[in-house]
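Worksheet for the structure shown next.
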Amino acid sequence: MDEDLGAALAGAVDVVIDASPSRADKSTVAAILDAGTPVVGVGHALVGGRSLHVRCAGALPGILTAAPLLLDHRGGGVEYHALLAGALSRTSARDILEGARRSVGTEVQRDARMPGVDAEVDLVAFQDEDTRAVDALFGAPIRWLNAWAGRALREALFRAVGMDAEEASASLAAASLRPVLEGGSEVIVHVAGAGERILIEAPSIAGICAWTAVACAVEAAADPGPARSTTAVELLGERAGDHLKNILTRAGARLLDDVEEQEEGEL
């Protein structure tokens with residue numbers, strides 16, 4: 001709203017949250033920054049005049065990779081499955097594709113069943129900076145898998161092989177604009193290990209992005225260190241699991257510790 005923008009430009013607000021996708025027009029954000037009001041975005045923060053770049057803040061992979069930290073058990077054998085059913089920004093699509101390409105011996109498991117999803121999915125291994133950060137906090141490697149449902153996303157994912165990174169990201173982001181899940185959920189995450197199971201269902205990717213940006217801003221403001229480039233999980237550190245619970249609550253997500261009755265089949 002115009003009055004909100006005017007307040008931000010006048011310095012009457014503490015911080016502005018930018019949850020718009022990376023492909024959106026950023027002229028308004030630039031104007032607010034030029035006026036000296038701190039802006040926190042899903043990919044960057046400017047707090048107290050200090051620039052902080054947070055890669056994948058709140059996107060997948062991103063803060064949701066902290067979900068294994070919600071488990072009481074910290075041993076090996078944990079599996080993490082994440083399905084994103086909302087629109088991807090090009091930045092998020094690129095992060096997911098690059099993470100999959102970096103995975104050693106990338107595997108694809110077709111037509112699998114995932115708890116909480118009444119559809120067959122393709123499971124694709126991935127490894128990125130966020131997942132490696134959680135591995136370090138967890139004390140043992142986790143088996144990370146992205147779930148893909150729907151023909152449009154599936155075809156875009158496999159067309160991406162051999163494509164230029166920017167072209168592949170644009171193709172995947174465009175395919176994600178087509179809904180693949182019923183029931184209104186945009187995010188479904190399933191984590192299982194040592195008899196423990198957690199299912200996360202979130203209605204809005206943008207909501208998680210915005211609240212992650214807030215959490216990152218608070219941490220950045222409390223840290224007097226120099227500007228740096230980091231990931232959301234690295235920035236939030238060992239307390240990322242606590243932050244995640246708060247973010248999910250504020251974003252209207254459901255977190256089910258016992259998902260036996262929710263499962264459509266075993267992976």
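FYI, it's all coordinate maths here, none of it is from the lab. Predicted model, so just to flag it, every value in this text is computed and none were measured. With ideal geometry, Cβ positions are generated from the backbone for all residues, glycine too; neighbour counts draw on all protein chains shown.
Packing, as the average of other Cβ atoms within 10 Å across residues, places the peptides 73-85, 109-121 in the order 73-85, 109-121, highest first.
The listed peptides 186-199, 152-165, 135-148, ordered by packing as a protection proxy, come out as 186-199, 135-148, 152-165 (highest mean of other Cβ atoms within 10 Å first). Sorting the segments 246-256, 232-242, 208-218 by their mean number of nearby beta carbons within 10 angstrom, highest to lowest, gives 208-218, 232-242, 246-256. For the range 188-196, backbone phi angles converted through the Karplus equation (6.51, -1.76, 1.60; θ = phi - 60°) give residue-by-residue couplings of 9, 10, 10, 10, 9, x, 6, x, 9 Hz, Gly and Pro being listed as x.
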